[in-house]
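Trainee: Quick one: the structure is below, and I'll ask about it shortly.
The values are calculated or read from the model by the stated rules, or taken from the named source; none is laboratory data. Only a predicted model underlies this, so the values are computations on that prediction, with no experimental measurement involved. Cβ placement follows ideal geometry from the backbone for every residue including glycine, while neighbour counts extend to all protein chains displayed. With ligands, DNA and RNA removed, areas are computed over all heavy atoms of the protein, side chains included. Shrake-Rupley method; radii C 1.70, N 1.55, O 1.52, S 1.80 Å.
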Amino acid sequence: MAPARIGAYFASRRRALVALAVALVAIGFWRMTGGASEGSPEASLAAVLARRGQTVDTASVLWLDRPSSGWRRVRAVWLGHAEGEPADVFAGDVRLKANGAVVDVAWVSNLTRTAGADETLLARLGDHVAYASRVDGKLEAVTVLDFAGEPVELTRDWPLRARLQNAITNLQETGRFRGVGRQRYRIVAPVERFSLAATARTFEAHVGAEAVIELDPRRTAPVRGADLVESRPAAKGMPGTISWVVDTVRNSPWVGREPIEWLEHTVFSAKDWAERKWYAIVGTDTEEAVAEELGVAQVSERTRIELSTTNVETGWPPAPMKPPLGKVKHEGEWMPVVNDPFVKARPGEPPLFYQSFLRVDPERDYTRVYVNVWDPRILELHIVAGTREPESATGETGTGMAPRDPAVLERVVAGFNGGFQALHGEFGMMAEGRVYLPPKPWAATVATYRDGSMAMGSWAGPPKGVREYEEQWAVAQIPTDMLGLRQNLTSVVEDGRYNPWERWWWGAAPLNADEQTLIDRSGLCLTTEGFLAYFWGQSMSADALGAAMLAARCVRGVHLDMNSAHTGFEYYNVSRTAFSPLGRELTDDEYDGPTPLAPSLFLRARRMVRTMSTMRFPRYIGRDARDFFYLTMRKTLPGAPVSTAASGGGPVPFSSDGMPASGYPAAMARARIPADAPPGEGTWLVRIDPRRVHRRWRGVGR
């Protein structure tokens, strides 16, 4: 480019360049805190940060670079806290004078943000810093930070777009594009007496009277004391684009939460106004829209009626729902999800899922709430904590994915979104027996137990004599057999009543708004029949979600997440062997390929509703930054046919017919080999579910 053209280029953009320069200078000044001179670099640093309301433990200050005078900044790490709050680990860039005075401090970052843990005992080894986390006076964990940056393996397989997003998030949270590596070692049996120090090559934590945990920062596994800790490799879930932009702006100090809520409310209110005007003119063909959005495999009307008829013994599927606004074709009816290569099926058994839809808003009869129902006696619910959300009160991080064991993955049949981020209420979260956020009293709760059962309801209030919320008693309330819990807001429906806690704010709307925000919303409920149902709809209020739950005969209902980037339900069909070709092109809501993070397994997946289109897909079968639920098929009888190929026969099915009555699912099933054996001949092979049959031993001599 010629010099004249270069000059013309910059001249035409002079105002934009000046504005950018002013913004960068302003940001630079904002990140600085001014100087102080207190005789030593540590005391001067403490004086500077005291103006921002932070108390610094001067004895804890570590310099990652050699302190020097002039314009060169040095990286410092320290323990600091606000008045009445536990200590956190902070890092920042400090510019010093020769006399120990601090000229300014920039890019101050809280690296832990653990409201429920008190960080202590900083120790340095090169670019690595270790610290101890104390909860209720006991050692909860030891964490090693790597200031050379997070491992490249965390994002190696991400697209360039996602890696750039991650770099910006790292800058926002740690002051460095490369971020800070983190390896946490959870103490199996927390103790009150402990110490932490650096040796020539390792960190040593003395736990109790004699036990020692030795950590080499260059490796994940402990050198000594592996039986005293639980650790897992660091992990990150890849962010979506739209949700990342919103979260980044919301978490920035220049914008914050309130303006984003105002903007979302304004935008979606305008969208709602435009939609109402549009559909008032053109109308809507609900039957055609439902056929397009559900994408259910076509079955004959006779088959649909047969499969939708409630079985008297099992109660499955449930009776139809009564549409609140009258009825169009198939509205409120349970349509079986069958003959679908993307949805798992049990040979010879009823469908795992039934779908339906409801119109519940008389002012917006063009909108629909889609409902998916399943039987928890057949499908087991699991809760997963994301690698980032909800942000833990103690520094605990989630796996962000279902176990990669092929025996587990091939039983995964669906996944769907969880609840709000921690910043929107810090509602309780526990997964795999680990508490990330303590439960809140009266919050709507979904819970899972070690025996595979689940429950829904409002969490209990404070114990007698306790007036204020305390994390210690909140955690102590968790039953010992509970494996996971997820809370969000208060119950949408409880005992057949909508909004019994008289809540107004259901997310996205500013606190001073006159009406709720019309937006994509999702929910989960337990019905009177004992089934679980997932709800999803666009341009929906909490009132509409509640109306749909009441129509579905819900006795307990919880509001899950909202916004198109955070809500969705996906079907999965995982196999150890390759699928037969589809014989057609995939649509945008379908996937056919290797299973994420388990490429030896084959996966077919599709969205429940085609218009669930802005989320990354497939999402809940891989690793995610946010919490979610997934469903697995239980091992129930009758089970798969038995092969008789070795004797020249084909597969022989099992049946519970003729076996002792034992409820549903069956406790016993049998198959006759060969299948065509005459009465009184052949061999009976019997399967018994030991979870549903009690053993009794009769007088057998020893």
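Trainee: With n ≥ 4 as the cut-off for DSSP H runs, can you work out [θ] at 222 nm for the chain, using -39500 (n - 2.57) per run divided by the number of residues, rounded to the nearest 500?
Mentor: Rounded to the nearest 500, it is -5500 deg cm²/dmol.
Trainee: Please compute the Kirkwood hydrodynamic radius of the stretch 369-413 from all pairs of different C-alpha atoms, in Å with one decimal.
Mentor: About 13.0 Å for the stretch 369-413.
Trainee: If you roll a 1.4 Å probe over the heavy atoms of the protein chains, what accessible area per residue do you get for the chain, in Å²?
Mentor: Spelled out: the 1.4 Å probe surface of the chain, per residue, equals 48 Å².
Trainee: For the chain, divide the Cα radius of gyration by the Kirkwood radius and give the resulting Rg/Rh value with two decimals.
Mentor: Reported Rg/Rh (Cα atoms, Kirkwood Rh): 1.02.
Trainee: Over 15 Å apart: what share of the alpha carbon pairs of the stretch 488-556 falls there, rounded to a whole percent?
Mentor: Roughly 50 percent, rounded to a whole number.
Trainee: Go from 0 up to the bin containing the longest alpha carbon distance in the stretch 202-294, width 10 Å each, and give me the % of pairs per bin.
Mentor: Values per bin, smallest distances first: 12, 19, 15, 19, 14, 10, 9, 2.
Trainee: Along the charge dipole of the stretch 394-499, Cβ charges K/R +1 and D/E -1, which of Pro441, Met482, Gln472 sits furthest on the positive end?
Mentor: Pro441
Trainee: In addition: Which net charge results for the neighbourhood of Gly240, defined as the other residues with beta-carbon distances under 15 angstrom from its beta-carbon, given Lys and Arg at +1 and Asp and Glu at -1?
Mentor: +3
Trainee: Determine the sum of side-chain charges near Thr632: Lys and Arg each +1, Asp and Glu each -1, restricted to other residues whose C-beta is under 12 angstrom from that of Thr632.
Mentor: +1
Trainee: Show me the GluC sites (Glu not before Pro) within the stretch 456-553 that DSSP assigns to loop and that have at most 13 other Cβ atoms within 10 Å of their Cβ.
Mentor: For GluC sites (Glu not before Pro) across the stretch 456-553 that sit outside H, G, I, E and B with at most 13 neighbouring Cβ atoms in 10 Å, the list reads Glu468, Glu470, Glu502, Glu515.
Trainee: Residue farthest toward the positive end of the dipole of the stretch 117-203, with Cβ of Lys/Arg at +1 and Asp/Glu at -1: which of Asn170, Ala132, Phe194?
Mentor: Asn170
Trainee: OK, next. Among Ala422, Gly452, Ala407, which residue has its Cα furthest toward the positive end of the charge dipole of the stretch 387-482, with +1 on Lys/Arg Cβ and -1 on Asp/Glu Cβ?
Mentor: Towards the positive end, the residue furthest out is Gly452.
Trainee: With a sphere of radius 15 Å drawn around the Cβ of Glu230, what net charge do the other residues whose Cβ falls strictly inside it have (Lys, Arg +1; Asp, Glu -1)?
Mentor: 0
Trainee: Sticking with this structure for a sec: First measure r as the distance between the Cβ atoms of Ala167 and Thr683, then evaluate 1/(1 + (r/R0)^6) with R0 = 45 Å and state the FRET efficiency to the nearest 0.05.
Mentor: 0.10
Trainee: Whenever you get a sec, line up Ile688, Ile378 from highest to lowest accessible area (probe 1.4 Å, protein heavy atoms).
Mentor: These residues rank, largest area first, as Ile688, Ile378.
Trainee: Sticking with this structure for a sec: Angle, helix 257-282 long axis vs. longest principal axis of the chain, Cα atoms, 0 to 90°, nearest 10?
Mentor: 40
Trainee: Any idea what the dipole of the stretch 575-702 comes to, in debye rounded to 20, about its Cα centre with Lys/Arg Cβ at +1 and Asp/Glu Cβ at -1?
Mentor: Computed charge dipole of the stretch 575-702: roughly 760 debye.
Trainee: Given charges of +1 on the Cβ of Lys and Arg and -1 on the Cβ of Asp and Glu, with all other atoms neutral, how large is the dipole of the chain about its Cα centre, in debye to the nearest 20?
Mentor: In total the dipole reaches around 1420 debye.
Trainee: At 0.36 nm per residue, and after removing the present C-alpha to C-alpha distance, how many nm does the segment from Asp216 to Arg276 gain when stretched out fully?
Mentor: 15.4 nm
Trainee: Moving to a separate point now. By how many degrees, 0 to 90 and rounded to 10, does the Cα axis of helix 160-174 deviate from the longest principal axis of the chain?
Mentor: Once rounded, the angle reads 50 degrees.
Trainee: I've got another one for you. Rounded to a whole number, what % of the accessible area of the stretch 578-702 do carbon and sulfur atoms account for, probe 1.4 Å?
Mentor: Carbon plus sulfur share of accessible area: 54 percent.
Trainee: Can I ask one more? Averaging sequence separations of C-alpha pairs under 8 Å and six or more residues apart, then dividing by the length of the stretch 51-201, give the relative contact order as a whole percent.
Mentor: With pairs under 8 Å counted, the relative contact order is 18 percent.
Trainee: Report, in whole Å, the centroid distance computed from the Cα atoms of the stretch 377-421 and the stretch 473-544.
Mentor: 19
Trainee: Angle between the Cα long axis of helix 3-12 and the longest principal axis of the chain, 0 to 90 degrees, nearest 10?
Mentor: 70
Trainee: What three numbers, in Å, describe the spread of the alpha carbons of the stretch 340-436 along their principal axes, ordered from the longest?
Mentor: In descending order, the Cα extents are 45, 43, 22 Å.
Trainee: Leaving out ligands, DNA and RNA, and with a 1.4 Å probe, what % of the accessible surface on the stretch 214-341 is carbon or sulfur?
Mentor: Result for the stretch 214-341: 59 percent of the exposed heavy-atom area is carbon or sulfur.
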